[in-house]
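For reference, the structure is listed below as structure tokens.
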Amino acid sequence: MKYTFNPPNRVLMGPGPSDAHPRVLKAMATPLIGHLDPKFVEMMDEVKVMVQDTFLTKNELTFVVSAPGSAGMETCLVNLLEPGDECIICVNGVFGGRMVDIAERCGATVHKIVTPWGEVTSVEQVEEALKTCSKPKLVALVHAETSTGALQPLKEISEVVHNAESLLVVDAVTSWCGMPLKVDEWGIDAIYSGTQKNLSAPPGLSPVSFSPRAVKVLEERKTKVQSWFLDLNLVKNYWAGAKRAYHHTAPVSSVYAIHEALSIVLEEGLENRWKRHQDVHQKLKTELESLGFKYLVNEEHRLPNLNSVFLPEQIKDEAALRNRLLNEFNIEIGGGLGDFAGKIWRIGIMGESCTKNHVNMLIGALKELMNE
Ligand SMILES: *Cc1c(COP(=O)(O)O)cnc(C)c1O
């Protein structure tokens with residue numbers, strides 16, 4: 001019996017992963033070296049600097065967790081929360097809900113701020129929550145809610161959170177490298193992202209960063225972190241340059257990939273990249289609206305790179321049409337989640353998938369199918 005797997009050549013326009021740059025794929029195919037090889041250590045140091053540069057932070061405790069975005073989420077929460085702590089978590093989609101689940105598993109008391117899907121949390125809601133829970137250990141929000149396409153403003157909320165002497169924790173999985181995200185300027189204390197969205201590297205790694213304020217909280221912990229693998233006291237020594245100590249074996253090829261992908265981002269320039277996502281979004285928006293699609297999120301809080309749209313009346317079976325896009329045109333887009341399952345599409349234009357050609361391909365295929 002012989003097994004072979006030849007994946008079809010898809011165009012990835014869903015909520016992730018996005019298309020990878022050929023340079024990134026090539027980097028992954030280069031020969032392995034040992035994860036303690038001085039050459040590999042040099043490369044990890046460069047990755048760390050590039051993550052700092054793209055997060056726009058000087059945070060010393062910045063590195064990459066050897067697991068996907070969800071593990072970055074868990075890293076931030078299990079390290080900052082101890083049993084008996086109180087925290088505030090804003091929920092306006094799938095990912096805020098997940099943070100609640102993790103925080104509760106840490107033994108924390110969670111005060112939820114629940115906002116309808118597609119909307120964002122307001123400063124007033126946070127102020128209100130701080131009346132019931134005046135000294136939370138942290139307040140957590142999702143910057144770019146991939147389940148709904150909503151972009152959460154952070155700067156004003158950050159001030160309110162810091163006035164309460166609390167830490168601001170941000171999920172930037174879908175915002176990093178695709179839209180403005182300024183860790184130091186916005187006073188974000190703990191942040192995590194992922195490689196498979198705007199970075200256009202394969203899934204499987206999660207960059208994280210912690211402010212000096214957050215590091216102090218880590219150092220003052222009274223109990224052991226419940227997870228051995230994600231315990232920052234142990235992992236941080238693995239990312240400590242020449243002094244590094246064995247913790248686990250880094251996924252060498254994936255680190256090659258993130259190194260190459262970050263180089264590509266910095267060659268393009270962050271601001272150019274933000275602008276590209278905005279420009280391509282405008283084109284996609286015009287085309288979708290002319291076909292009768294309607295955006296779920298108000299223009300003011302819309303993600304450029306994850307377009308959640310209600311389908312035109314004439315489309316009765318969204319799943320069938322999505323399958324035809326996949327099977328006949330090799331184009332992947334996402335369906336809705338939760339209450340929006342069967343009602344919306346989530347169209348991603350992230351990183352390498354964010355080009356006018358991608359928009360033209362999708363719109364051309366859609367027109368052909370809708371005209372049948
Ligand atoms: C994709 C995503 C995650 C999870 O990342 P994985 O790489 O799938 O583990 C977390 N938060 C948001 C907002 C996401 O879009």
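Some points to look at:
- Neighbour counts of other Cβ atoms within 10 Å put 18, 158, 134, 193 in the fewest-to-most order 134, 158, 18, 193.
- Taking only Cα atoms of region 22-266, radius of gyration then Dmax in Å: 17.5, 56
- Straightening the chain between residue 324 and residue 125 buys 67.4 nm, computed as 0.36 nm per residue apart minus the Cα-Cα spacing.
- Spatially proximal lysines relative to residue 197 (Cα-Cα < 24 Å; intrachain offsets below 8 disregarded): 26, 48, 58, 155, 182, 275, 283, 285, 294, 343, 356
- If you plug the beta carbon distance of residue 357 and residue 222 into 1/(1 + (r/R0)^6) with R0 = 45 Å, you get a FRET efficiency near 0.25.
- For region 103-225: rounded, prolate or oblate by the Cα gyration tensor [a/c cutoff 1.5]: oblate
- With an a/c value of 1.5 or above and a/b not larger than b/c for the gyration tensor axes a ≥ b ≥ c computed over the alpha-carbon atoms, region 156-271 is described as oblate.
- At q = 0.12, 0.25, 0.28 Å⁻¹ the log10 of I(q)/I(0) for region 233-295 amounts to -0.59, -1.00, -1.07, computed by Debye summation with a single uniform scatterer per C-alpha, solvent ignored.
- The antiparallel fraction among DSSP beta bridges confined to region 22-266 stands at about 35%.
- Counting beta carbons within 10 Å around each of 363, 347 and listing the fewest first gives the order 363, 347.
- At most 14 other Cβ within 10 Å, DSSP loop - chymotrypsin sites (Phe, Trp or Tyr not before Pro), region 1-97: 3, 5
- Anisotropy class of region 192-348 from Cα gyration tensor, a/c 1.5 cut: prolate
We did not get these values from a lab; they are worked out from the coordinates using the rules stated. Because the structure is a prediction, the values reported are computed rather than measured. Quick reminder, even Gly has a Cβ in these numbers, built from the backbone with ideal geometry, and neighbours come from all protein chains shown.
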